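The values are calculated or read from the model by the stated rules, or taken from the named source; none is laboratory data. Predicted, not measured: the structure shown is a model, and the values here were computed from it. We place every Cβ from the backbone using ideal geometry, glycine too, and count neighbours over all the protein chains shown. Note: accessible area is taken over every heavy atom of the protein model, side chains too, but ligands, DNA and RNA are not part of it. Shrake-Rupley method; radii C 1.70, N 1.55, O 1.52, S 1.80 Å.
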Amino acid sequence: MTKSGEKPWGGRFSEPTNKNVETFTASIHYDKRLYRYDIEGSIAHAKMLAKQGIITESEMTLIVKSLREILKEIEQDRFDFQPGDEDIHMAVEKRLIEKIGDVGGKLHTARSRNDQIALDMRLYLRDEIKTIIRQITALKSAFLETAKAELHTVMPGYTHVQKAQPVLLSHYFLAYWEMLDRDQDRLKDCLKRVNVMPLGACALSGTGLSIDRAYVAKLLKFPKISQNSMDAVSDRDFVAEFIFASSMIIMHLSRYCEDLILWSSDEFAFVEIADSFTTGSSIMPQKKNPDVAELIRGKTGRIYGNLMGILTVLKGLPMTYDRDLQEDKEGLFDTVDTLESCLEILKEMVKNLRFDKAHMLKAASSGYSTATDVAEYLVNKGVPFRQAHGIVGRLVAHCVKVKKPLENLKMDDFRKFYAGFENDIYDYLTAEQSVNLRRLIGGTAKESVSARIKQIESI
Ligand code: ARG
């Protein structure tokens, strides 16, 4: 048992803390990763206390110098973390008092761990969001490069996993570029709400001491300060919002990986993932498994779980700070770590793919995938679309019966189904022709895709 009297809050306690309670309530084993932010926040707070005359300049200098030493101790793995320290705030403060005695005890003036942890979380998350935004930029570039390299690769586009219409592989990759671009916007927007300075809220209602919150915000480069002390200590919306944004990102990655897994199977055989990004089977010597893609798909579940976790922690919490809020951290850290590792490895894997262009074209050319183009051809000849649909349906049924692709039909065959077919129908039948017919904005024609690539490059 640790004597409660040894704890910073031990004054009103006559019994020591039960050892199990100490272990159960401790968060130090995971929140110690916030040490840098905790110390950065404390330094800014100490500077403000001195500026306001709440502590003296020389006390502040001593506190700041010692906090910097503590930072070094932690970074160099010389800091002795104890389970009894409870959390990172207590561990740092305890060490500070150990080093400089009573002066160290002045740091926590006009501050509570409630606003301190809110600050640490915000400082931490704003850094990580910036890292993730940069990682997404890198992944977007990898997709864009692939799109540029595959501008001539025609593949079958699918709906319901059934061959639908031919598209360019470039167009497919740019679809993921668009998703990731929205993901980045969501993160940038989320960052606005993370980037708010809560210090000064203290336990829940502020302080009577004359502090300068705007000064702390300036030192820590926060564009905004929180406007309600009760909200400031109870708000974890920004955590939930970030995990939601992360859920969307990993959902997009997961969908991409699903395609990659299918496409690298022998059944599709559209793509080969480099040996260095696949793994083997311990029993079947011929196997090359897309484990990286599968794991990204699998890890999506963890992040969704973390989202459900934080939403559930927050639901029904009475105002203001409740210890339940300590449960915000592990899910958040896990989300950040999982997402960052997935973004990193996926970017590398994308650069290590080899597409079988000939096979993709062959697949795009079979299955009457240009039937819609034939119907549109008839629309151009004045046939109402519903009728055109019927005519081409019958035409395709005939082709299936005689086992011929559309482009092998003779003019006479076409005319049996509609007298107005002319020789120019042969410009509508191959997969390449079909792709290039869809020249609209957002379409899959080479012209449209190139235009989008140019636009993206000029952003
Ligand atoms: N470890 C706590 C957390 O993560 C810090 C705040 C604790 N505040 C308190 N009054 N016990 O939320």
Condition met for VAL216 (modelled with pLDDT of 95 or more, among the β-branched types (Val, Ile, Thr) and over 17 Å from TYR37 (Cβ atoms)): no
Does ARG354 satisfy the condition of being open to solvent by 10 Å² or more (accessible area, probe 1.4 Å), out of contact with any helix residue (DSSP H, G or I) (no Cβ under 9 Å at 6 or more places or on another chain) and at pLDDT 95 or above? yes
Residues of segment 425-459 satisfying the condition of being of a type in the set (Phe, Trp, Tyr) and open to solvent by 70 Å² or more (accessible area, probe 1.4 Å): TYR426
Go through segment 48-71 residue by residue and tally those that are over 12 Å from LYS106 (Cα atoms) and touching a residue at least 60 places away in the same chain (Cβ under 8 Å). 3
Of the conditions (1) modelled with pLDDT under 95; (2) touching a helix residue (DSSP H, G or I) at 6+ places or on another chain (Cβ under 9 Å), PHE385 fails just one. Which one is it? (1)
Within segment 283-300, residues being touching a helix residue (DSSP H, G or I) at 6+ places or on another chain (Cβ under 6 Å) and either exposed (fewer than 12 other Cβ atoms within 10 Å of the Cβ) or assigned to a loop (DSSP other than H, G, I, E, B) (or both) number 1
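Quick check on this structure: which one of GLU344, GLU340, GLU348 is over 15 Å from the mean Cα position of the chain (by Cα), closer than 30 Å to SER254 by Cα and open to solvent by 10 Å² or more (accessible area, probe 1.4 Å)?
Values: GLU344 fails: over 15 Å from the mean Cα position of the chain (by Cα); GLU340 fails: over 15 Å from the mean Cα position of the chain (by Cα).
It is GLU348.
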Do we find that SER229 is modelled with pLDDT under 95 and open to solvent by 20 Å² or more (accessible area, probe 1.4 Å) in this structure? no
Mind checking which pairs have a first residue in segment 321-339 that is in a helix (DSSP H, G or I) and a second that is within 9 Å of the ligand (Cβ to nearest atom) and open to solvent by 20 Å² or more (accessible area, probe 1.4 Å), Cβ under 9 Å, 6 or more apart or different chains? ARG323/THR25; LEU325/ASN114; GLN326/THR25
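Going by the structure shown, is VAL154 closer than 21 Å to LYS454 by Cβ, surrounded by 19 or more Cβ atoms within 10 Å (Cβ to Cβ) and in contact with a Pro (Cβ under 6 Å, 6 or more places away or on another chain)?
Numbers: closer than 21 Å to LYS454 by Cβ: yes; surrounded by 19 or more Cβ atoms within 10 Å (Cβ to Cβ): yes; in contact with a Pro (Cβ under 6 Å, 6 or more places away or on another chain): yes.
Taking the combined requirement at face value, the residue satisfies it.
Is it true that ALA91 is part of a loop (DSSP other than H, G, I, E, B) and open to solvent by less than 20 Å² (accessible area, probe 1.4 Å)? Please lay out each step first, then the result.
Values: part of a loop (DSSP other than H, G, I, E, B): no; open to solvent by less than 20 Å² (accessible area, probe 1.4 Å): yes.
So ALA91 does not fit the description; no.
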Output the residues belonging to segment 94-122 that are within 13 Å of the ligand (Cβ to nearest atom) and either among the small types (Gly, Ala, Ser) or open to solvent by 20 Å² or more (accessible area, probe 1.4 Å) (or both). HIS108, ARG111, SER112, ARG113, ASN114, ALA118
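Out of the residues in segment 7-35 that are of a type in the set (D, E, K, R) and in contact (Cβ under 8 Å) with a residue 60 or more places away in the chain, which is nearest to the ligand (Cβ to nearest atom)?
Residues of segment 7-35 of a type in the set (D, E, K, R): 7, 12, 15, 19, 22, 31-33.
Checking the rest, the ones that are also in contact (Cβ under 8 Å) with a residue 60 or more places away in the chain come to 7, 22, 31, 33.
Details: LYS7: 11, GLU22: 13, ASP31: 6, ARG33: 12 Å.
Per the stated criteria, the residue is ASP31.
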Taking ILE303 and the conditions (1) surrounded by fewer than 22 Cβ atoms within 10 Å (Cβ to Cβ); (2) assigned to a helix (DSSP H, G or I), which numbered condition does it fall short on, given that it satisfies the others? (1)
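If you take the residues of segment 174-226 that are within 18 Å of ASP120 (Cα to Cα) and of a type in the set (S, T, N, Q), which of them is surrounded by the most Cβ atoms within 10 Å (Cβ to Cβ)?
Start the filter on segment 174-226 by keeping residues that are within 18 Å of ASP120 (Cα to Cα), which leaves 190-204, 206, 213-226.
Retained after the next criterion (residues that are of a type in the set (S, T, N, Q)): 195, 226.
Numbers: ASN195: 19, SER226: 23.
The selected residue is SER226.
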Does VAL271 satisfy the condition of being over 30 Å from GLN162 (Cβ atoms), open to solvent by less than 20 Å² (accessible area, probe 1.4 Å), among the β-branched types (Val, Ile, Thr) and in contact with a strand residue (DSSP E or B) (Cβ under 9 Å, 6 or more places away or on another chain)? no
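Condition first: away from the ligand (no atom under 16 Å from the Cβ) and open to solvent by less than 60 Å² (accessible area, probe 1.4 Å). Now tell me which residues in segment 65-88 satisfy that.
First, pick out the residues of segment 65-88 that are away from the ligand (no atom under 16 Å from the Cβ): 65-80.
Listed by number, the residues that qualify are SER66, LEU67, ILE70, LEU71, GLU73, ILE74, PHE79.
Only one of LEU317, LEU260, LEU325, LEU311 is surrounded by 17 or more Cβ atoms within 10 Å (Cβ to Cβ) and closer than 26 Å to ARG33 by Cβ; which? First the steps, then the outcome.
Values: LEU317 fails: surrounded by 17 or more Cβ atoms within 10 Å (Cβ to Cβ); LEU260 fails: closer than 26 Å to ARG33 by Cβ; LEU311 fails: surrounded by 17 or more Cβ atoms within 10 Å (Cβ to Cβ).
Step by step, each of LEU317, LEU260, LEU325, LEU311 is checked, and only LEU325 is surrounded by 17 or more Cβ atoms within 10 Å (Cβ to Cβ) and closer than 26 Å to ARG33 by Cβ.
Sort through ALA274, ALA232, ALA293, ALA245 and tell me the only one that's on the phi < 0 side of the Ramachandran plot, within 16 Å of the ligand (Cβ to nearest atom) and among the aliphatic types (A, V, I, L, M).
Numbers: ALA274 fails: within 16 Å of the ligand (Cβ to nearest atom); ALA293 fails: within 16 Å of the ligand (Cβ to nearest atom); ALA245 fails: within 16 Å of the ligand (Cβ to nearest atom).
Result: ALA232 is the single residue among ALA274, ALA232, ALA293, ALA245 that is on the phi < 0 side of the Ramachandran plot, within 16 Å of the ligand (Cβ to nearest atom) and among the aliphatic types (A, V, I, L, M).
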